[in-house]
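The values are calculated or read from the model by the stated rules, or taken from the named source; none is laboratory data. Since we're looking at a predicted model, the values are computed, not measured. Note that each Cβ is placed from the backbone with ideal geometry, even for glycine, and that neighbours are counted across all protein chains shown. The protein model used for the area step is the full one, side chains on, heavy atoms only, and it has no ligands, DNA or RNA in it. Shrake-Rupley method; radii C 1.70, N 1.55, O 1.52, S 1.80 Å.
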Amino acid sequence: EAILELEPDLIVSIFGWTNDYREGLSKIAPTLISYPGAFPFWRQTTLDLSNILGRAEQGQQLLADYDTAVAAALDDLPPGLRDGSEGLAVLSAQLDSLRIYGVGFQRDDQFYPTNVTQVPYADLRLTPPEMVRDVSQLDVGGGYREISLEVLPEIESEHLLLYVIDPEKGTELENSPLFQSMPAVQQGNVYRLPSDSLAFGPVNMMKRLEEFLQVVNAN
């Protein structure tokens with residue numbers, strides 16, 4: 001009903017909906033269900049979709065603009081992050097777990113970037129903590145490790161990017177003495193971003209890059 005109210009001319013979905021759901025969407029507007037593997041590879045999906053819409057040059061320009069922004073962003077990073085001498089950890093406080101994210105994960109001889117760390121690790125090439133550098137030890141599909149509070153002191157990164165999915169879990173985390181003992185926390189290098197900033201696509205990726213730079217440079 002919510003989609004119907006938007007009166008779309010085209011519906012594009014990254015999920016493999018059931019046939020019944022797909023048929024329902026198709027009655028509202030022409031519906032394109034993306035192919036397997038498209039979800040993490042937003043760059044290729046941008047090119048494919050722009051070609052379908054007859055706007056190939058616009059799709060290529062969007063990617064070029066993003067690459068230019070990434071190159072410029074490197075000059076705006078704190079020196080320790082920029083030269084790799086200081087590390088960045090990425091945590092997410094979920095409803096039922098605490099996760100630390102790596103660069104990506106391996107599945108069926110294919111390497112998939114981790115959505116949550118696309119900007120800091122895949123694009124800006126920042127240094128992840130030692131405990132997530134072995135991608136074979138990360139969740140296949142999410143690129144993370146579930147950890148307990150007791151593991152926090154083992155994360156020796158000087159910087160911390162934090163996503164709070166569940167506010168109650170986030171409060172529990174930030175009130176923990178173990179969290180307060182982390183080097184990044186003691187140095188005041190904790191960067192908080194909302195989970196709704198994790199959407200894909202060239203426009204959203206540009207926004208994510210800008211938001212990351214804002215919080216890093218606000219400290």
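For segment 103-119, does any single residue satisfy the condition of being surrounded by fewer than 20 Cβ atoms within 10 Å (Cβ to Cβ), within 15 Å of the chain's Cα centre (by Cα) and within 18 Å of Ala69 (Cβ to Cβ)? Checking segment 103-119: at least one residue is surrounded by fewer than 20 Cβ atoms within 10 Å (Cβ to Cβ), within 15 Å of the chain's Cα centre (by Cα) and within 18 Å of Ala69 (Cβ to Cβ). Here Ala29 qualifies as free of Cβ contacts under 8 Å to residues at least 24 places away in the same chain, open to solvent by less than 80 Å² (accessible area, probe 1.4 Å) and farther than 16 Å from Met205 by Cα. Kindly list the number of the only condition in (1) within 16 Å of Gly201 (Cβ to Cβ); (2) at pLDDT below 95; (3) open to solvent by 70 Å² or more (accessible area, probe 1.4 Å) that fails for Leu47. Every condition holds for Leu47 apart from (3). Every listed requirement among (1) closer than 17 Å to Ala199 by Cβ; (2) at pLDDT 95 or above is met by Ala38 save one, (2). Among the numbered conditions (1) loosely packed, with under 12 Cβ neighbours inside 10 Å; (2) of a type in the set (Ser, Thr, Tyr); (3) under 26 Å from Leu213 (Cβ atoms), the only one that Ser136 does not meet is (3). A single entry from Ala93, Ala122, Ala89, Ala69 fulfils the requirement of being small (Gly, Ala, Ser), touching a helix residue (DSSP H, G or I) at 6+ places or on another chain (Cβ under 8 Å) and surrounded by fewer than 20 Cβ atoms within 10 Å (Cβ to Cβ): Ala69.
Within segment 194-219, count every residue that is of a type outside the set (Gly, Ala, Ser), over 13 Å from Leu161 (Cβ atoms) and either modelled with pLDDT under 90 or open to solvent by 30 Å² or more (accessible area, probe 1.4 Å) (or both). Number satisfying all stated conditions: 9.
Residues in segment 157-176 include at least one that is without any contact (Cβ under 8 Å) to a residue 60 or more places away in the chain, in contact with a helix residue (DSSP H, G or I) (Cβ under 9 Å, 6 or more places away or on another chain), open to solvent by less than 60 Å² (accessible area, probe 1.4 Å) and not acidic (Asp, Glu).
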